[in-house]
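Only the coordinates and a few stated rules stand behind these numbers; no lab work does. From a predicted model like this one, the values you see are computed outputs, not experimental measurements. Here Cβ is always computed from backbone atoms with ideal geometry, including for glycine, and neighbour counts include all displayed protein chains.
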Number of protein chains: 2
Amino acid sequence: MSKYTMFGQLKAQPGKRDELAKMMLESSETLQGMEGCIFYILNESVNEPDVLWIMELWESAEAHAASLKDEKVRAVIEQCKPLIAGVSAVPVRPIGGKGL
Amino acid sequence: MSKYTMFGQLKAQPGKRDELAKMMLESSETLQGMEGCIFYILNESVNEPDVLWIMELWESAEAHAASLKDEKVRAVIEQCKPLIAGVSAVPVRPIGGKGL
């Protein structure tokens with residue numbers, strides 16, 4: 001099965017980025033336990049004060065899709081939603097390299 | 001020392017993306033040997049036919065900067081240059097998550 005990468009942008013409500021990041025990272029038990037997730041790294045934008053970027057590598061697209069149906073993951077998403085102004089992603093497909 | 005992430009875009013000359021990706025991946029010995037590099041994953045854009053995206057995680061910004069001075073890395077860059085139309089990056093700072 002092909003691995004799956006994601007580079008997704010979360011735009012927080014104005015001034016709420018740190019609160020949103022904290023909430024996401026506090027759910028670290030959920031994060032660490034996501035099956036098929038090789039890495040999930042939360043980044044802050046250097047030049048856009050409300051923007052977070054998430055870099056993800058998964059064993060497969062199916063594993064990623066399944067995580068979004070997980071009850072604990074859905075609870076974290078619901079908790080974060082009021083702090084999120086927008087979501088987007090750079091659509092990519094991994095083709096090789098180190099760590100893949 | 002803080003870890004360092006990079007999400008960089010390489011735009012190939014029209015029609016040259018596959019050739020560029022192949023050239024980058026053929027230098028895998030150089031890629032695997034980069035000191036302080038935790039992962040370096042080459043992706044192709046799903047909707048932009050000439051675009052590659054590189055996801056990188058390094059032990060530190062210094063390790064990343066040092067790699068760009070490495071003789072073998074510089075040789076790969078020089079070899080790829082004629083196939084590259086443009087380079088840019090999403091400036092980010094990692095703050096937490098799984099695999100960091």
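Let me confirm something: among A:Ala65, A:Ala85, which residue is outside any helix (DSSP H, G or I) and small (Gly, Ala, Ser)?
So the residue among A:Ala65, A:Ala85 that is outside any helix (DSSP H, G or I) and small (Gly, Ala, Ser) is A:Ala85.
Which of the residues that make up segment B:41-50 are of a type in the set (Val, Ile, Thr) and surrounded by 20 or more Cβ atoms within 10 Å (Cβ to Cβ)? Quick ask: steps written out before the conclusion?
First, pick out the residues of segment B:41-50 that are of a type in the set (Val, Ile, Thr): B:41, B:46.
Selection gives B:Ile41 alone.
Select from segment B:1-40 the residues that are small (Gly, Ala, Ser), within 10 Å of chain A (Cβ to nearest Cβ) and in contact (Cβ under 8 Å) with a residue 24 or more places away in the chain and write down the one among them that is surrounded by the fewest Cβ atoms within 10 Å (Cβ to Cβ).
Among those that are small (Gly, Ala, Ser), within 10 Å of chain A (Cβ to nearest Cβ) and in contact (Cβ under 8 Å) with a residue 24 or more places away in the chain, it is B:Gly33.
Across segment B:74-100, which residue is nearest to A:Lys22 (Cα to Cα) among those that are β-branched (Val, Ile, Thr) and away from chain A (no Cβ under 14 Å)? Explain how you work it out, then say what you get.
Of the residues in segment B:74-100, the ones β-branched (Val, Ile, Thr) are B:76-77, B:84, B:87, B:90, B:92, B:95.
From the residues that got through so far, the ones that are away from chain A (no Cβ under 14 Å) too are B:77, B:84, B:87.
On the way: B:Ile77: 38, B:Ile84: 39, B:Val87: 32 Å.
Taking the candidates together, the pick is B:Val87.
Check whether at least one residue in segment A:5-12 is among the hydroxyl-bearing types (Ser, Thr, Tyr), over 12 Å from the mean Cα position of the chain (by Cα) and more than 20 Å from A:Leu83 (Cα to Cα), and report yes or no.
No, segment A:5-12 contains no residue that is among the hydroxyl-bearing types (Ser, Thr, Tyr), over 12 Å from the mean Cα position of the chain (by Cα) and more than 20 Å from A:Leu83 (Cα to Cα).
Take B:Trp53 and tell me if it is touching a Lys or Arg at 6+ places or on another chain (Cβ under 9 Å) and touching a residue at least 24 places away in the same chain (Cβ under 8 Å).
So B:Trp53 does not fit the description; no.
Name, by its number, the condition in (1) within 13 Å of the chain's Cα centre (by Cα); (2) farther than 25 Å from B:Ala21 by Cβ; (3) of a type outside the set (A, V, I, L, M) that does not hold for A:Asn43.
Here A:Asn43 clears every test but (2).
Being under 14 Å from A:Lys98 (Cα atoms) and in a strand (DSSP E or B) is the filter here, so list the residues in segment B:7-52 that pass it.
B:Cys37, B:Ile38, B:Phe39, B:Tyr40, B:Ile41, B:Leu42, B:Asn43
Could you say whether any residue in segment A:61-76 is without any contact (Cβ under 8 Å) to a residue 40 or more places away in the chain, under 28 Å from B:Ala89 (Cβ atoms), surrounded by 13 or more Cβ atoms within 10 Å (Cβ to Cβ) and not aromatic (Phe, Trp, Tyr)?
yes
Determine if segment B:57-65 includes at least one residue that is under 21 Å from A:Leu100 (Cα atoms) and in contact with a Leu (Cβ under 9 Å, 6 or more places away or on another chain).
Among the residues of segment B:57-65, at least one is under 21 Å from A:Leu100 (Cα atoms) and in contact with a Leu (Cβ under 9 Å, 6 or more places away or on another chain), which makes the answer yes.
Give me the residue from segment A:53-62 that is touching a Gly at 6+ places or on another chain (Cβ under 6 Å) and outside any loop (DSSP other than H, G, I, E, B) and, out of that set, farthest from the other protein chains (Cβ to nearest Cβ).
Step by step, filter segment A:53-62, then rank; the result is A:Trp58.
State all residues of segment A:68-82 that are in a helix (DSSP H, G or I) and closer than 25 Å to B:Val46 by Cβ; if no residue qualifies, say none.
The answer is A:Val73, A:Ile77.
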